[in-house]
Structure formats: structure tokens, C-alpha cells
1. Out of the residues in segment 187-198 that are in contact (Cβ under 8 Å) with a residue 60 or more places away in the chain and part of a helix (DSSP H, G or I), state the one that is surrounded by the fewest Cβ atoms within 10 Å (Cβ to Cβ).
2. Which of the residues that make up segment 199-236 are part of a helix (DSSP H, G or I), within 18 Å of the chain's Cα centre (by Cα) and surrounded by fewer than 23 Cβ atoms within 10 Å (Cβ to Cβ)?
3. Specify the residue that is farthest from the chain's Cα centre (by Cα); the eligible residues are those in segment 65-78 that are under 18 Å from residue 99 (Cβ atoms) and assigned to a helix (DSSP H, G or I).
4. For segment 145-165: of the residues being surrounded by fewer than 17 Cβ atoms within 10 Å (Cβ to Cβ), in a loop (DSSP other than H, G, I, E, B) and on the phi < 0 side of the Ramachandran plot, which is modelled with the lowest pLDDT?
5. Looking at (1) buried (at least 19 other Cβ atoms within 10 Å of the Cβ); (2) in a helix (DSSP H, G or I), which is the one condition that is false for residue 62?
6. Among the residues of segment 118-131, is there at least one that is surrounded by 17 or more Cβ atoms within 10 Å (Cβ to Cβ), closer than 21 Å to residue 231 by Cβ and not assigned by TED's automatic domain parsing to the domain that holds residue 182?
7. Read through the list (1) under 14 Å from the mean Cα position of the chain (by Cα); (2) touching a residue at least 60 places away in the same chain (Cβ under 8 Å); (3) part of a strand (DSSP E or B), then give the number of the only condition that residue 88 fails.
8. Yes or no: residue 177 free of Cβ contacts under 8 Å to residues at least 60 places away in the same chain, in contact with a helix residue (DSSP H, G or I) (Cβ under 6 Å, 6 or more places away or on another chain) and farther than 25 Å from residue 6 by Cβ?
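The values are calculated or read from the model by the stated rules, or taken from the named source; none is laboratory data. Note that the structure is a prediction, hence the values are computed from the model and not measured. As a convention, Cβ positions derive from the backbone with ideal geometry for all residues, glycine included, and neighbour counts pool all protein chains shown.
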């Protein structure tokens, strides 16, 4: 049967989601080792997205096929019993054979969290970017309007990913101002390598007056990574949810 799990993890101690060849600790490696212990099978695990080192997730989605005999209602307990404390499976479903966690995804939602006050929060240091600078939030919101929609986001993609096209549909880009904190909510039909963090880094440049909202248009048109802002640090980013065609699995 084809099983789909929704996973949460703290990315602090991981070298990213995807298993790597140098023995690094990865979310995929931890999950596949746990599944091997449970089933004796070598699982071909598929994820909705490959988060980078330090990036967190509340709603990562994986699926894999198994011939194991564990009843569906026992899977969460069985899997979590074999996972470390920084990874938790919180939902399981039996899905049709054609379900694919990545290719069937309609959109992904990320959130970037930023703390604006003078002193960092010791309890949030791994989950939000401490950024004690004055920001022109309304200017940032204006810049965000130029980024929303279907564009070529080559200027916001880091090198190192082989993709057929750099065009994506940024369905939502909202900035929530909550006093000491800013939340950047991004939803797209797909994200290029480090695209979400590059967008946040560019909006912060706008907020500090280092570029104007209108310059976003020339960044998109020029397609040059060096024209856009820096890549925001990984620890402020979290994969919140993955949405699928037909219904939200």
C-alpha cells in the first residue's frame, strides 16, 4: 500500500531533508532508517520538498510503498517510537497508488519569522531571525505586490538546482506585522532553490531603504541573482503546509 505521512521536524541539527553521500544527518536518512527497522524494507521515500539545512517543517509530506503488516491505526505510534525527538509524524493516510508527494502537490506554504526587538530571544534563536533594524514595512508590502503572480524568478534562485524552468506562480506573499515580530507568508505552485529566503532577503533590503519597491520589476526582468537581495538565514524558515489537487490530503 501507498502511505502518506505528514511530518514535523526541527531542522537545527539536520543537514537538510535529502539524504546525502557523506554520512550527514538528514531528515530523510532518519526516516528511512526508522522505516527499515519497522518493515525490513528499503523504502523509496518521496517528499513534497527538499528543505535546506536549518530549515524547519510543520507540514512536510512524504509517501512510500510498503508490504508491511502494520495496521494503519498503529503506524504513527510505531514510527514515532523509532524517531528522534526532533522529528514527529503526526498524520498518516492510505492513499491511491498514483499519489506522489512531490508531483501531485498543488502548492506549498512557507513562513519566515523575524524578531525585530533590540535583544534576541534565547528560546526562539533557532526559529526566527533576530533583525534589530528599523524597517519600512509599508514599503516592503508594496514591493511584495510586484513579486506576486506568475514570473520568471531566476533572480531569486540560488545556483545548484537543475530545473526545466525558473518560472513559478507566487500565489500569496503576505507580511504580518505583529509588534516585535514580522511573519512572511509565501505560497507558490513551486519554489526554486532558496527562492523563499531570497525573496525575504530582498524585501528586507527594501525595508531598510537600500532599494525601492519599483526595482523589484527590473530584478525580475534582468534574471540576475546578484541584482536581488541576500539569502535570508535558514533558521527563520518553516514549511507550513502542502496542498494537493482534489482535496487537502
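1. Among them, the one singled out is 196.
2. 201, 234, 235
3. Residue satisfying both the conditions and the ranking: 72.
4. 161
5. Every condition holds for residue 62 apart from (2).
6. Taking every residue of segment 118-131 in turn, none turns out to be surrounded by 17 or more Cβ atoms within 10 Å (Cβ to Cβ), closer than 21 Å to residue 231 by Cβ and not assigned by TED's automatic domain parsing to the domain that holds residue 182.
7. (1)
8. Here the answer is yes, as residue 177 does meet what is asked.
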